[in-house]
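Throughout, read-outs are computed from the coordinates displayed, never taken from laboratory work. What you see is a predicted model; the values in this text were computed from it and never measured. All Cβ positions, glycine included, derive from the backbone under ideal geometry; neighbour counts span all protein chains shown.
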Amino acid sequence: MLGPVILAASRSDKMRRFVSAAPGTKQVVDRFIAGETVDQVIKIVRDSADKGLEVTLDVVGEDITTPEQAAAARDAYLELIGHLADLGLGTGAEMSVKLSMFGQSLQDGHELALANVRPVVEAAAAIGTTVTLDAEDHTTLDSMFAIHEELRKDFPQTGCVIQSYLFRTEEDARRLAAAGSRVRLVKGAYKEPASVAYQDKAEIDKAYVRILKTLMHGEGYPMIGSHDPRLIAIGQELARQAGRKLDEYEFQMLYGIRSDEHLRLAAEGHRMRVYTAYGTDWYGYFMRRLAEKPANLLFFARSVVTK
Ligand code: FAD
């Protein structure tokens, strides 16, 4: 019930100002956001590597309003990749990007987002790593998949995300389960209408399993993005049935969520990648994490009241 309300608030400027200024917010934000600066996130990359974890790094931000902001987003990723290169941390650290942050919703946004993301993908490839295009709300996906296909002509290892709550995704998965593709499957984190998406949790989970089966039996590289213990167990079983070795798929979870499970899967020999978000424009990312689990909202409310 609360989830859709919080997701609606994630697009409100008034709420953004209120939440950002509230005392106690920072304490809760810190659970999900790895830091505000490149230096802070580099420390997390090193700590993660020491624990046997890989990362995918997200410079938080989305829904920008000017081409200059889109260029600044591109430059923030280039700066990050430059630091990873200098420190020899290229492998094991991938990038995740939201095309809305690269200008996708502005005028001529498709071309602008492609022009801004290409240098990031090039720079990542030059240090031996890759980029995954996050999935945002359903109105952006045709453009995201077209950009993904375009980038893959020169950088076939570029990944993308698909969301099991959308009716379209089973067909997208069949198309994407081809040799060399890297596909992260998630349930989906946006407020979507019943005309395009399952609303019932059980339906979303069943679709997740069907789609994961397609990916596992396909020729690409499935990335299982979930904290759900049932889906993680099913993912392991589907990989076994498809005859996949441990390095032929991976698990992904978000920084700050079920951290013990990250370590458990890595200790079992699985490739475990932690989606690590950092930066100052954390509001949209943070609100989606609150929407996923109402208990987070209670924790947030309590920390605001007790400050
Ligand atoms: P759930 O059933 O929601 O959660 C299972 C259990 O995990 C919960 O019971 C709880 O214990 C724990 N948990 C889950 N979420 C939280 C939380 N916020 N706080 C505390 N505990 C929690 N969505 C997109 O739409 N596009 C993307 O590109 C995208 N990328 C993602 C990348 C990764 C690596 C991951 C893990 C998720 C991503 N998501 C993305 C979010 C995803 O769509 C879900 O909203 C989110 O993962 C919650 O679903 P779940 O599969 O973990 O299952």
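A few remarks follow.
- Couplings for segment 114-124, taken from phi via the Karplus curve 6.51 cos²θ - 1.76 cosθ + 1.60 with θ = phi - 60°, read 5, 5, 7, 7, 4, x, 5, 5, 4, 5, 5 Hz in order; Gly and Pro are left as x.
- Peptides 91-101, 174-184 ordered by average Cβ neighbours within 10 Å, highest first: 91-101, 174-184
- Most positive-pole-ward Cα, 274, 157, 61, against dipole of the chain from beta carbon charges: 274
- Between 263, 88, 49, the Cα set farthest toward the positive side of the dipole of segment 40-281 (charges on each charged residue's Cβ, about the Cα centre) is that of 263.
- Dividing the convex hull volume of the alpha carbon atoms of the chain by its residue count gives 128 Å³ per residue.
- Out-of-range pairs (alpha-carbon distance over 24 Å; input 245/293; 98/191; 51/98; 51/187; 191/245): 245/293; 51/98; 51/187; 191/245
- Using equal-weight Cα scatterers in the Debye expression, the normalised intensity of segment 26-178 in log10 at q = 0.15, 0.18 Å⁻¹ is -0.82, -1.14.
- Long-range tail of P(r) for segment 71-113 (Cα pairs > 17 Å, %): 40 percent
- For segment 140-294: rounded, prolate or oblate by the Cα gyration tensor [a/c cutoff 1.5]: rounded
- If you take the Cα centroid of segment 186-239 and the Cα centroid of segment 31-59, the two points sit 26 Å apart.
- Rounded to the nearest 20 debye, the dipole magnitude of segment 1-93 is 460 debye, with +1 charges on Lys and Arg beta carbons, -1 on Asp and Glu beta carbons, and the Cα centre as origin.
- Calculated mean residue ellipticity at 222 nm for the chain: -16000 deg cm²/dmol, from DSSP H runs with n ≥ 4 weighted as -39500 (n - 2.57), summed, divided by the residue count and rounded to 500.
- DSSP beta bridge pairing in segment 40-281, given as percent antiparallel to the nearest 5: 5 percent
- Solvent-free Debye scattering, log10 I(q)/I(0), computed from the Cα coordinates of segment 97-149 at q = 0.25, 0.27 Å⁻¹: -0.94, -1.06
- Converting phi to 3J(HN,Hα) with the Karplus coefficients 6.51, -1.76 and 1.60 and the offset θ = phi - 60°, segment 286-301 yields 4, 5, 5, 5, 5, 5, 5, 9, x, 4, 4, 5, 4, 4, 4, 4 Hz in sequence order, with x at every glycine or proline.
- For the chain, size of Cβ-based charge dipole, Lys and Arg +1, Asp and Glu -1, in debye: 1040 debye
- Sorting 151-161, 187-197 by their mean Cβ neighbour count within 10 Å, with the most densely packed peptide first, gives 151-161, 187-197.
- P(r) histogram, all alpha-carbon pairs of segment 164-251 included - 5 Å bins from 0, percent: 3, 15, 28, 25, 17, 8, 3, 1
- Across the options 109, 138, 224, the greatest Cα extent toward the positive end of the charge dipole of the chain (unit charges at beta carbon of Lys, Arg, Asp, Glu) belongs to 224.
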